[in-house]
Amino acid sequence: VATFFLPSDVGILSFSGGPASASTSTASAASSGAWPIGMPAAWAAAHRVAWTSHLGRRTNGIVQKSNLLGAAVRLQTGLHSMTARSSSSSSSTETRLTRDERQHSVAIVGGGLAGLATCHFWLDKIMATASSSQQSSPLSSSANNNYKVVIYDVQDKPGVGGASAVAGGLVHPLSPRGKLVYQGLEGLAMSNQLIGTAIQATKDSSDGLENSESIVLSESIWRCAQNAKQVKQLKKTAMDLPQLCQWLEGDELQQVFPIKEAVSESKTTADPSTESTPLLGALRMSHGCRVIHVPSYLQGLWLSCQQKAIQLNQSSQEDNQCGIHVHVEWKPLDSVNIQQELNEYGTVVLSSGASIFQTYLKRSQSDTDSQDQQHIFPVQLVRGQSIEFTSLTKPANSVAIQDAFLCGKYVSPLPPLIDEKHKEPRCRVLVGATHEFKSQATPQEEVEASLKGTTEFMVPRLWDESRYVVDRFTEGYRVQSQRGKFGRLPLIGKLDDAAADGMTNNLLEHKNLWIYTGLSSRGILYHALFARRLVDAAWDNDEASMMEKFPELTWWKP
């Protein structure tokens, strides 16, 4: 479990124009102070005992520090501070909050993958409710038929900020070692369902088919074997998942991407030990495994949510009955008034990333002076830097990179750039990403050297300055959960009366507060699957059933 201090500007996406113009918002993280969060001493001690027992290991009651973080950020919280008043006040809370209040107004904080998927499935619940009610009996004029679903985000539209917007876009169910991850096939199916929804919504919009084609960029992902152990595992995966995967030996890859070119150029530009690596073979993932442009997908998913609301409202009017009205809105996040606004909703879902710990789950410094008062989430904040390239000439077989490649890092196509001067599309490629745990960002020249050393053997043309040029560096932060028996699962569930004395933000006193974050590097695979489970639970205010059906999701609770 990592321990680190969260600078006030973590979570801000920053771009810069090239390797020489480094721009990071965390250069002064170590000296920027902290907004620690915690819990009363007695409950902190009790939680440490429960958490230690849950993990089956000893921590001696001391918060562990990762030597990878140096002086980085501490994620402390009163998340599990279920004080004695929780049990005594729960019944009165339920009395104050009716089913209508919970279901009819929901605020979703964060408009990335998790937030938009949550919005989508909440609207599905409204549609199902409306359909069921109309079939059984007309909705009465006295019923509360108004629904309000609002996404709060620091950006004024989806797909332009945060870790989701700079994700690589690789949709597949395999771990870095090439094994099927926990519920990988279920996650793949659900993600593709939402991708299809976004594509259709974009086609139905005024922008039409052209923009919809920018969502799915490729229907193939290649996982290259770099040693004999990987060859063995990837061959096994191909046998276990023939519906998704196909193994190709090194000589067969000649027909897929330029092995000879990679070998010849690697002799002078790469580590000699990697010269024969491309010839070992690769696993081709397809039939639902694909590459998407995440910003375009997020925009399409938001279009779908808007269209659902329009459909519901029009259907209600056409029925000539007292139907429902649905209001869907994307609202800029005002950190000054957000607490007051969110208290007006029946349900609040925290689905943003790093800003959850920065803004909503923090405690005053005076309440965390003692180590006994500190508690941390079982998560880490990970910075990822990537590079976007643009070809100098129009796409051709010797230049274009049409599929995605994995080899520890990834090389992924981006939508083409239209050259206004020559009126020809230019090939664009994304290479990423670093995994940084220190408060100080890695200099861009080091990022470029690291990514080049890992990927050049597969796509040497990308690092040929006569063919491609560095367009920009991107940076994002993701919340990475603790690895467990089922890999890295998200933090998902209800925060029951989690406010504790000394909180600097009273949002945690909200009567119906849920959390959905920590998707780690599997946001694209898992975002739809777990959003559906969260909405099912939150809609009926029944976290217990979700945890009973999927007990592994309790991993983060004491």
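Can you tell me which residue within the range 395-414, out of those that are modelled with pLDDT under 90 and under 17 Å from residue 291 (Cβ atoms), is most open to solvent (accessible area, probe 1.4 Å)? Before the answer, list the steps.
Quick first cut of the range 395-414, residues modelled with pLDDT under 90 only: 395-403, 407-408.
Of the ones still in play, those that are also under 17 Å from residue 291 (Cβ atoms) are 395, 400-403, 407.
Details: 395: 59, 400: 21, 401: 10, 402: 134, 403: 41, 407: 3 Å².
Taking the candidates together, the pick is 402.
Name the residues in the range 432-478 that are under 20 Å from the mean Cα position of the chain (by Cα), among the hydrophobic types (A, V, I, L, M, F, W, C) and within 14 Å of residue 409 (Cα to Cα), would you?
If the condition is that a residue be under 20 Å from the mean Cα position of the chain (by Cα), among the hydrophobic types (A, V, I, L, M, F, W, C) and within 14 Å of residue 409 (Cα to Cα), then 433 is the only one that fits.
Identify, from the list 333, 350, 392, the residue that is of a type in the set (A, V, I, L, M, F, W, C), modelled with pLDDT of 75 or more, under 24 Å from residue 123 (Cβ atoms) and open to solvent by 30 Å² or more (accessible area, probe 1.4 Å).
Among 333, 350, 392, only 333 is of a type in the set (A, V, I, L, M, F, W, C), modelled with pLDDT of 75 or more, under 24 Å from residue 123 (Cβ atoms) and open to solvent by 30 Å² or more (accessible area, probe 1.4 Å).
Quick one: residue 428 ticks every box in (1) out of contact with any Asp or Glu (no Cβ under 7 Å at 6 or more places or on another chain); (2) in a strand (DSSP E or B) except a single one, so which number is it?
(1)
The values are calculated or read from the model by the stated rules, or taken from the named source; none is laboratory data. Only a predicted model underlies this, so the values are computations on that prediction, with no experimental measurement involved. Neighbour counts are summed over all protein chains in view; Cβ atoms, including those assigned to glycine, are modelled from backbone coordinates with ideal geometry. Just so you know, the surface numbers come from the protein's heavy atoms only, side chains and all, with ligands and any DNA or RNA stripped out. Shrake-Rupley method; radii C 1.70, N 1.55, O 1.52, S 1.80 Å.
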